[in-house]
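This report concerns only the one structure given below.
The values are calculated or read from the model by the stated rules, or taken from the named source; none is laboratory data. The model shown is predicted, which means the values in this text are computed figures rather than measured ones. In this analysis, Cβ positions are derived from the backbone assuming ideal geometry, glycine residues included, and neighbour counts consider all displayed protein chains. Areas reflect the complete protein model, heavy atoms only, side chains present, ligands, DNA and RNA absent. Shrake-Rupley method; radii C 1.70, N 1.55, O 1.52, S 1.80 Å.
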Amino acid sequence: MTQLAGYRPPYPGTQPNHLHPPYVSSRKRAPTKPLVPIPFTLTEITGPSFGTEILPPKACDLTRLRGGEAIGERIVVSGRVLDENSRPVPNTLIEIWQANAAGRYHHEVDKHDAPLDPNFAGSGKTITDSEGRYRFLTIRPGEYPWGNHYNAWRPAHIHFSIFGPAFATRLVTQMFFPGDPLLAFDPIFNCTADEKARNRLISVFDWETTSPDYSLGYRFDLILRGREATPMGDKLGE
Amino acid sequence: MSLQTTTSQTVGPYFGIGMTWLIRDNLIGEGVSGDRFTIQGRVFDGDGLPVPDAILEIWQANAHGKYDHPEDTQRKLLEPGFKGYGRVLVSHEGMFRFVTIKPGSVPGPKGKEQAPHLAISIFMRGLLKRLVTRMYFPDDPRNADDPILTLVEPERRSTLIARKTAGGAGTLEWNVLLQGPDETVFFDVGL
Ligand SMILES: [Fe+2]
């Protein structure tokens, strides 16, 4: 018999509610009935894993496509994936996607009147190393307008998707840039009550990954849920 | 002082750029055992309109009730052709479809067996964090005392059970209603 521990709930105020009225799209899409709390079972404490063989070549370099170089400011975005107990999360898949330097997504729904860049990949993927580290070479994304309210502009951001070891640890988030004047006005960034939590979505300029005459470095660590100290009292059948 | 989990943010409308490459709408690899099903459905918003920009992820055990994960230490067979992970994007009409096998039952709280089920995460523009739900299979007697289904008020349990269709025994329909009187049951797993 093995006893397994569940995953910790979030610290109050650090995660958004589904309904966040200033983010207009949440109004018709957030559930209106209370969520039904369930205990952790084997279903939630297990989850998919992926090996490096699924990664296309150069999947962590977004700056070259079709034999040409993307336009914009080259940046290295790197960091570590840790759990709440500061333990590295190794061998886990990270996916990113973003607008190009002009603030335009290579997507049929994006009608923003800004140029597409045929040499910008727009998305990347990687798998963390044994210490939970990851690294992407990309272009600093542009800010872009959106329809949430009059004269609404999203601060520059990179979308992150990460799996972690379990169904319970799956996380999708966005990374922002220090000093962006649009942050204060963005209903998505400002979705949590806890100001410190939201400020952790802002990457940190990093000399260590800044390369002379080539690119600036930004550091962004991702924290996934940690295990409960006590087992969930759920015995696995033999 | 421990660290705190990174704040969740929406996938936004353009997640297809980053997530289409890993579509897994057929979970059945070579040599996989179990009853095969095509599962299809639609996602609707609070106005009853189809949601054209959502992504569903599926996690499930194999036909023996074994998860392909190191923490599943049950003495049950793993099948190399079955990973248990699925990912589908909805169409412009909010439709999704995937092919998989009916999983075996897996243990639940206090060693009580759970009825066969798929764990589902749903991401979309408008959702600052994912929705978590489950899909159960129709006409399975184990549904009646499944330890998770029975936590749901009886009138709402049907939102979690797929329906048989005119398309034949191998095709099931399961819709996701984000709001309204027949709103799908979503679970709180501490996100
Ligand atoms: Fe975006």
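Taking only protein heavy atoms and a 1.4 Å probe, the accessible area of chain A is 55% carbon and sulfur. Computed from the alpha carbon positions, the gyration tensor of the stretch A:2-223 leads to an equivalent ellipsoid with semi-axes of 29, 24, 17 Å, biggest first. With the simple model of a label 7 Å out from the Cα in the direction of the Cβ, B:HIS92 to A:ARG133 spans 4.6 nm. Between the amide H of A:SER203 and those of A:PHE176, A:PHE177, distances stay under 5 Å, these residues lying 5 or more places away or on another chain, with hydrogens modeled in the peptide plane. Label zone (B:ARG36, point 7 Å along Cα-to-C-beta; backbone nitrogen cut-off 11 Å) within the stretch B:81-122: B:99-101. Rolling a 1.4 Å probe over the protein chains gives B:LYS129 an accessible area of about 30 Å².
Note that the stretch B:122-177, at 37 °C in a medium of 0.692 mPa s, gets a Stokes-Einstein diffusion coefficient of 255 µm²/s from its Kirkwood radius over C-alpha pairs.
Cα extents for the stretch A:105-145 along the principal axes, largest to smallest and rounded to whole angstrom: 42, 18, 17.
Net length available on complete extension from A:SER86 to A:TYR214 is 42.9 nm, with 0.36 nm assigned per residue and the Cα-Cα distance removed. Ranking of A:ARG80, A:ARG219, A:ARG198 by solvent-accessible surface, largest first: A:ARG219, A:ARG80, A:ARG198 (1.4 Å probe, protein heavy atoms only, all chains present). Computed from the C-beta positions of B:LYS164 and A:ALA184, the FRET efficiency with R₀ = 45 Å rounds to 0.30.
Taking all protein chains as they are arranged and a probe of 1.4 Å, the heavy atoms of A:HIS107 leave approximately 50 Å² accessible to solvent.
Taking A:CYS191, A:CYS60 and ordering them by how much accessible surface each has at a 1.4 Å probe, largest first, produces A:CYS60, A:CYS191. When Rg and the Kirkwood radius Rh are both evaluated on Cα atoms of the stretch A:39-154, their ratio Rg/Rh stands at 1.06. In a Debye calculation with equal point scatterers on the alpha-carbon sites of the stretch B:20-176 and no solvent, what is log10 I(q)/I(0) at q = 0.11, 0.12 Å⁻¹? Cα-only, vacuum Debye calculation for the stretch B:20-176: -0.43, -0.52. The simple spin-label model puts a point 7 Å past each Cα toward its Cβ; for A:ASP194 and B:ARG75 those points are separated by 4.4 nm. Quick one: which of A:LYS111/B:LYS164; B:LYS76/B:LYS129; B:LYS66/B:LYS164 span more than 32 angstrom between C-alpha atoms? With Cα atoms farther than 32 Å apart: A:LYS111/B:LYS164; B:LYS76/B:LYS129. Measuring how big the stretch A:13-66 is from its alpha-carbon positions, Rg and Dmax come out at 19.2, 49 Å. Put the Cα centre of the stretch A:31-109 next to the Cα centre of the stretch A:110-158 and the gap is 12 Å. Net charge in the neighbourhood of B:GLY104 (other residues with Cβ under 9 Å of its Cβ; Lys, Arg +1, Asp, Glu -1) is +3.
Excluding same-chain neighbours fewer than eight residues apart, the aspartates and glutamates reachable from B:LYS112 by a Cα-Cα span under 15 Å are A:ASP234, A:GLU238, B:ASP145, B:ASP146. Convex hull volume per residue, computed on the Cα atoms of the stretch B:152-191, equals 103 Å³. Counting 0.36 nm for each residue step from B:GLU173 to B:ALA144 and taking away their Cα separation leaves a gain of 8.5 nm. Applying Stokes-Einstein at 20 °C and 1.002 mPa s to the Kirkwood radius of the protein assembly as shown, computed over alpha-carbon pairs, gives a translational diffusion coefficient of 96 µm² s⁻¹. The fraction of all Cα pairs in the stretch B:34-87 landing in successive 5 Å bins from 0 to the largest distance is 4, 15, 22, 17, 12, 11, 10, 7, 3, 0, given as whole percents. The heavy atoms of A:THR210 offer some 30 square angstrom of accessible surface to a 1.4 angstrom probe.
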